[in-house]
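The values are calculated or read from the model by the stated rules, or taken from the named source; none is laboratory data. Just so we're clear, the structure is a prediction, and the values are computed from it rather than from any experiment. Methodologically, a virtual Cβ is constructed for each residue, glycine included, from the backbone with ideal geometry; neighbour enumeration extends over all protein chains shown.
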Protein chains: 2
Amino acid sequence: MPGGDAMIEWLSDDLERDIRERRFVTQSAGRRVPGLLWLPHQAPRGLVLLGHGASGHKRMAYVLDVARRLAHEHGLAAAAIDGPVHGDRRADPDAGEMEVFKDFLAAVVERDLVEGMVEDWTHALDALQTVEALAELPVGYWGLSMGTTFGVPFVAQEPRVQAAAMGLMGRSGAVGTSGAVGDRLARDAAALSCPVFFLVQWDDELIPRPAALELFDRIGSKRKTLHANPGRHVEVPNAELQASEAFLAQTLAAS
Amino acid sequence: MPGGDAMIEWLSDDLERDIRERRFVTQSAGRRVPGLLWLPHQAPRGLVLLGHGASGHKRMAYVLDVARRLAHEHGLAAAAIDGPVHGDRRADPDAGEMEVFKDFLAAVVERDLVEGMVEDWTHALDALQTVEALAELPVGYWGLSMGTTFGVPFVAQEPRVQAAAMGLMGRSGAVGTSGAVGDRLARDAAALSCPVFFLVQWDDELIPRPAALELFDRIGSKRKTLHANPGRHVEVPNAELQASEAFLAQTLAAS
C-alpha cells in the first residue's frame, strides 16, 4: 500500500481483531478531510463508504460496528470521513453532541454543505482508489440520517457507487432538509439508479413518516427495497443494520 | 403417523424431492375442509400454516414453492387448506381464476367467510396436532393477500401461532375488505401480539399504498417489520418470499 501519494496522507496503522484500521487525510477543494480505512484480513471483495449521522463522527460506535462486520462477515473494506462541522473537522473536536447537531442544522441552511460533502466523498474515493488493493473493487455507500442527506446527492452523481444502503431521512418536514437541501434531495433521489436498501423507523421523531416514505418513493432505482420497524430515530434494530450490510455485500458481489 | 383419527382423514401420501406430501380432509362445523401437509426429510422443527391468495388454491405454485423451501431449507413442516369457494371446496374445482375471484368477492361481503375460515384453520390445526410428529411444534402462519384477510383474524385469536408472515392487504379501500370485513381486519390487527413480517408491493394495483401502510400501522405486535418493493400485486420478489420464510424459521426457533 503506498503511503506517500499526494492525494492521501496516512497517519496511523493499527491492527485490532484481525482488522487493519488506518487513519488518513485527503484533500478536497482546499479542505483537509480526515478519514479512516478498515481492511479485512483477506484481500477485500469491495469497498463501502460509510457516512455517519449528524452529531456523530467517522468512528462513532455504530459506524465502527458496521465497518467491522463488513470486514469480518463479508470480506469488504470500508472507509469513513468526518462530515462538515463534525469530528476532526471541528476547531473543538470534543464538542458535545447537541452542540455539533445545532452547528450542523445552522450550517446546512446557511451554506452549501451538501455540494461540499459531495466533493469530499468524490475526492476521498479518488484517493482511496490509488491504493492498489482497492483500485478495482466494486464500491458501495452506507449512510443513515445525515449520511443519507449527503449520500443521495453523492451517489446520484457517482457512477462508481453500485449499491447504497440509506434511510432515516425524508423529503420534506424532516430535520435538516428545509429549502434547497430538501429540493436537491428530492431531485437527486430521482436520479439514483443503483440498487438501494432504505431503512425507515416507524416512530421516528425527527423524520415524519410521510416524508420518509416520499423520499423512498422518489428513488429512481429500478431495484429498491424499504424496511420499516417500530421505534424512534436511534432505535434501528441491529438485525436491520446487518440486513443492510448483507444487501451491500450481495449486490456488490453480483456487480 | 396415525391415519384413522376421527378429526383427520388421510387421502394420499407421496414423496417428491425428499419431501412427503399428504392430502387430508378435516371437519370444521359440518364442513369438509381439504388440505395438504408437507413434511421435511428429518423431524420437523416447526409447523407453518399456509394461506393461499384469492383465486388460487392450497397447491398453487407459490404456496408449493414456499412449502418446499420451508421443508428443504429450514426443516419445517407446512400445511395448507383451501379457502372458501376455492380449490376442492368448489362444486366446479376447474373453474377459471377470474370466476373464482368474482365468487370470492361476492361471497366475502354476502356471508361471514372470515369467521368460517377462522374456524376452519382452528380445526385444521387441532387435527394436525393429533399427528405425533407435529403435536408439540411451534406454529407459524404465512399468507399474503386473501391469506392475510383470513390470517389476521385467525392469528389474532390463536395463541398457538407464534410468528406470522403476511401482507399485500390493506385496511380500507383494498379489494375484498369493504364493510364488516375491513372493520374486523383493523380490530384484529390491533389484537395481534406475535412477531409479524409484513410485505407491501409499492405499486400494488389492488391494495392502495395508504391502506397497506395503515394495516401495518395497526398491527399491535411489539415486534413487526415491513418490507416494501416496487412492483404490482403479483410481483413480489422471490428474495422477499425467502426472507419471509427465514423470518418464520428464526422466530419459531427462538420461541
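When region B:207-242 is filtered for residues that are aliphatic (A, V, I, L, M) and under 20 Å from B:Met60 (Cα atoms), the ones remaining, listed by number, are B:Val234, B:Val236, B:Ala239, B:Leu241.
Taking the conditions exactly as written (at pLDDT 95 or above, on the phi < 0 side of the Ramachandran plot and buried (at least 19 other Cβ atoms within 10 Å of the Cβ)), does B:Ala190 satisfy them or not? So B:Ala190 does not fit the description; no.
Got at least one residue in region B:127-147 being part of a helix (DSSP H, G or I) and farther than 27 Å from B:Ala246 by Cβ?
yes
Checking each residue in region B:237-255 for being more than 12 Å from chain A (Cβ to nearest Cβ), assigned to a helix (DSSP H, G or I) and over 25 Å from A:Leu213 (Cβ atoms) picks out B:Glu245, B:Leu248, B:Ala249, B:Leu252, B:Ala253.
Restricting region A:222-231 to residues that are part of a loop (DSSP other than H, G, I, E, B) and over 14 Å from A:Ala189 (Cα atoms), the residue that is farthest from the other protein chains (Cβ to nearest Cβ) is A:Gly231.
Of all the numbered requirements in (1) more than 13 Å from every other protein chain (Cβ to nearest Cβ); (2) closer than 26 Å to B:Asp65 by Cβ; (3) touching a residue at least 60 places away in the same chain (Cβ under 8 Å); (4) of a type in the set (Val, Ile, Thr), B:Val234 misses one, and that requirement is (3). Within region A:214-221, can one find any residue that is more than 19 Å from A:Leu185 (Cβ to Cβ) and either within 11 Å of chain B (Cβ to nearest Cβ) or in a helix (DSSP H, G or I) (or both)? The answer is no, given that none of the residues of region A:214-221 is more than 19 Å from A:Leu185 (Cβ to Cβ) and either within 11 Å of chain B (Cβ to nearest Cβ) or in a helix (DSSP H, G or I) (or both).
Residues in region A:76-109 that are in contact (Cβ under 8 Å) with a residue 60 or more places away in the chain and either touching an Asp or Glu at 6+ places or on another chain (Cβ under 9 Å) or assigned to a loop (DSSP other than H, G, I, E, B) (or both): A:Leu76, A:Gly83. As for region A:196-209, it holds at least one residue that is surrounded by 21 or more Cβ atoms within 10 Å (Cβ to Cβ), in contact with a Lys or Arg (Cβ under 8 Å, 6 or more places away or on another chain) and either away from chain B (no Cβ under 14 Å) or in a loop (DSSP other than H, G, I, E, B) (or both).
The number of residues in region B:94-110 that are under 20 Å from the mean Cα position of the chain (by Cα) and either closer than 17 Å to B:Met60 by Cα or aromatic (Phe, Trp, Tyr) (or both) comes to 4. In region B:164-187, of all residues being touching a Gly at 6+ places or on another chain (Cβ under 7 Å) and assigned to a strand (DSSP E or B), the one that is surrounded by the most Cβ atoms within 10 Å (Cβ to Cβ) corresponds to B:Ala164. Candidates are the residues of region B:2-53 that are aliphatic (A, V, I, L, M) and not in a strand (DSSP E or B); the one that is modelled with the lowest pLDDT is B:Ala6.
State whether the residues of region A:221-243 include one that is in contact with a His (Cβ under 6 Å, 6 or more places away or on another chain), among the acidic types (Asp, Glu) and at pLDDT 95 or above. Give the steps one after another, and end with the answer.
Here is the first cut: in region A:221-243, the ones in contact with a His (Cβ under 6 Å, 6 or more places away or on another chain) are A:227, A:240.
With among the acidic types (Asp, Glu) added as a condition, the list becomes A:240.
Checking the rest, the ones that are also at pLDDT 95 or above come to A:240.
The answer is yes, given that some residue of region A:221-243 is in contact with a His (Cβ under 6 Å, 6 or more places away or on another chain), among the acidic types (Asp, Glu) and at pLDDT 95 or above.
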